[in-house]
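Here is the structure we will look at.
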Amino acid sequence: MPEPDFLPLQVNSLRFEAAGKPLLNDVSFSLDAGRPTCVVGPNGAGKSLLLRLCHGLLAPSGGSIRWAGGTVEQQRRAQAMVFQRPVLLRRSVRANIEHALSTRQLLRSERTERTEAVLEKTGLSDLAERDARVLSGGEQQRLALARAWALRPRMLFLDEPTAHLDPAATASVEAIIRDIDSEGVRILMVSHDLGQVRRMAGDVLFLHNGRLIAHTDTRSFLDAPESELTCAFVEGRLLW
């Protein structure tokens, strides 16, 4: 039986409040198939919160997040998320991936096949038996991506996957993200690096103070911003 079409993802009038304080307010956008979308904005804009809401880790205070098709269970299984600081199990690199796959009803042979494939794709084959907790920051992030990739998601949420990484590790992680994108996985990624946004994104969501200020293609956002606020952000001016 063919998988349903999950996209577009429709976010309408999304709100989220904590202790009576609005953290996201009236955020609306639609994501269809295409290149990665980067979410940008100053600290506290609501970027990571937006990803958690879309992924279903938090319930919105108002508005809606709707997938085009599939049951609730199918929609849940079609998503994966990688956090800025991935939580890794106290076991080997290989076992971290196998554990993620154990939540799916897969034959042992398929779990093994998928594990070996993502170890190879992410350059972790030589580290497969190493304790995941002693890996470098870049290696841990590659493992987090491998673990998510093995689940074969249709939508992947990435929360600043290269934060605090050196240039070489950043390049390795970006290469993996491009490979995942090339397989047709829809990617929504928070980034603080406008250079990375230019390299990776097809379009940009710009948040400020919990509101969506712009949703436009990357070139227009970076080279021809339509508002003074967007221009100020792109130029690196302080926003509050």
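Determine if the range 36-51 includes at least one residue that is under 30 Å from THR230 (Cβ atoms), modelled with pLDDT of 95 or more and loosely packed, with under 13 Cβ neighbours inside 10 Å.
No, every residue in the range 36-51 fails to be under 30 Å from THR230 (Cβ atoms), modelled with pLDDT of 95 or more and loosely packed, with under 13 Cβ neighbours inside 10 Å.
Residues to consider are ARG85, ARG76; find the one that is among the charged types (D, E, K, R), in a loop (DSSP other than H, G, I, E, B) and at negative phi. Talk me through it step by step, then tell me what you get.
Numbers: ARG76 fails: in a loop (DSSP other than H, G, I, E, B).
None of the others qualify; the one that does is ARG85.
Just one of ARG90, ARG104, ARG111 is more than 24 Å from ILE65 (Cβ to Cβ), touching a Lys or Arg at 6+ places or on another chain (Cβ under 9 Å), loosely packed, with under 14 Cβ neighbours inside 10 Å and not β-branched (Val, Ile, Thr); which is it? I'd like the intermediate steps shown before the answer.
Working: ARG104 fails: more than 24 Å from ILE65 (Cβ to Cβ); ARG111 fails: loosely packed, with under 14 Cβ neighbours inside 10 Å.
One residue alone meets the criteria, ARG90.
So if I check each of ALA163, ALA201, which one is of a type in the set (Gly, Ala, Ser), in contact with a Pro (Cβ under 7 Å, 6 or more places away or on another chain) and within 22 Å of LEU50 (Cα to Cα)? Lay out the reasoning, then the answer.
Numbers: ALA163 fails: in contact with a Pro (Cβ under 7 Å, 6 or more places away or on another chain).
Exactly one residue qualifies, and that residue is ALA201.
Filter the range 112-137 down to the residues that are charged (D, E, K, R), outside any loop (DSSP other than H, G, I, E, B), more than 19 Å from ASP181 (Cα to Cα) and at pLDDT 95 or above and list them by number.
The initial filter retains those residues of the range 112-137 that are charged (D, E, K, R), namely 113-114, 116, 120-121, 126, 129-131, 133.
Retained after the next criterion (residues that are outside any loop (DSSP other than H, G, I, E, B)): 113-114, 116, 120-121, 126, 131, 133.
Adding the requirement that they be more than 19 Å from ASP181 (Cα to Cα) leaves 113, 116, 126, 131, 133.
Hits for the range 112-137 are GLU113, GLU116, ASP126, ASP131.
Of all residues being charged (D, E, K, R) and out of contact with any strand residue (DSSP E or B) (no Cβ under 9 Å at 6 or more places or on another chain) in the range 153-192, which is farthest from GLU228 (Cα to Cα)? Just the residue, please. Steps first, answer last, please.
First pass over the range 153-192, keeping only residues charged (D, E, K, R): 154, 159-160, 166, 174, 178-179, 181, 183, 186.
In the following step, the residues that additionally are out of contact with any strand residue (DSSP E or B) (no Cβ under 9 Å at 6 or more places or on another chain) were identified as 166, 174, 178-179, 183.
Details: ASP166: 32, GLU174: 30, ARG178: 32, ASP179: 35, GLU183: 37 Å.
It comes out as GLU183.
Every residue, every condition in (1) among the aliphatic types (A, V, I, L, M); (2) within 15 Å of the chain's Cα centre (by Cα); (3) more than 20 Å from ALA148 (Cβ to Cβ), yes or no:
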{"site": "ILE180", "(1), (2), (3)": "yes, yes, no"}
{"site": "ARG186", "(1), (2), (3)": "no, yes, no"}
{"site": "VAL190", "(1), (2), (3)": "yes, yes, no"}
{"site": "ASP193", "(1), (2), (3)": "no, yes, yes"}
{"site": "ARG199", "(1), (2), (3)": "no, no, yes"}
{"site": "PHE206", "(1), (2), (3)": "no, no, yes"}
{"site": "ARG211", "(1), (2), (3)": "no, no, yes"}
{"site": "HIS215", "(1), (2), (3)": "no, no, yes"}
{"site": "ARG219", "(1), (2), (3)": "no, no, yes"}
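Where the second residue is modelled with pLDDT under 95 and loosely packed, with under 13 Cβ neighbours inside 10 Å and the first is farther than 16 Å from ALA201 by Cβ and of a type outside the set (Gly, Ala, Ser) and lies in the range 154-171, which pairs have Cβ atoms under 8 Å and are six or more apart or on separate chains?
Note: pairs meeting the criteria are ARG154/GLU3.
Considering every residue within the range 184-195, establish whether at least one is touching a residue at least 60 places away in the same chain (Cβ under 8 Å) and more than 29 Å from ARG66 (Cβ to Cβ). Explain how you work it out, then say what you get.
Here is the first cut: in the range 184-195, the residues touching a residue at least 60 places away in the same chain (Cβ under 8 Å) are 184, 186-192, 194.
Those left that are additionally more than 29 Å from ARG66 (Cβ to Cβ): 194.
The answer is yes; a qualifying residue exists.
Taking the conditions exactly as written (within 23 Å of LEU165 (Cβ to Cβ) and of a type outside the set (Phe, Trp, Tyr)), does LEU50 satisfy them or not?
Details: within 23 Å of LEU165 (Cβ to Cβ): yes; of a type outside the set (Phe, Trp, Tyr): yes.
Answer is yes for this residue.
Do we find a residue being among the hydroxyl-bearing types (Ser, Thr, Tyr) and touching an Asp or Glu at 6+ places or on another chain (Cβ under 8 Å) anywhere in the range 156-164?
Taking the range 156-164 as the starting set, the residues that turn out to be among the hydroxyl-bearing types (Ser, Thr, Tyr) are 162.
Subset that is touching an Asp or Glu at 6+ places or on another chain (Cβ under 8 Å): 162.
Yes: one or more hits.
The values are calculated or read from the model by the stated rules, or taken from the named source; none is laboratory data. Quick caveat: nothing in here was measured; it's all calculated off a predicted structure. Glycine also receives a Cβ, built like all others from the backbone with ideal geometry; neighbour counts cover every protein chain displayed.
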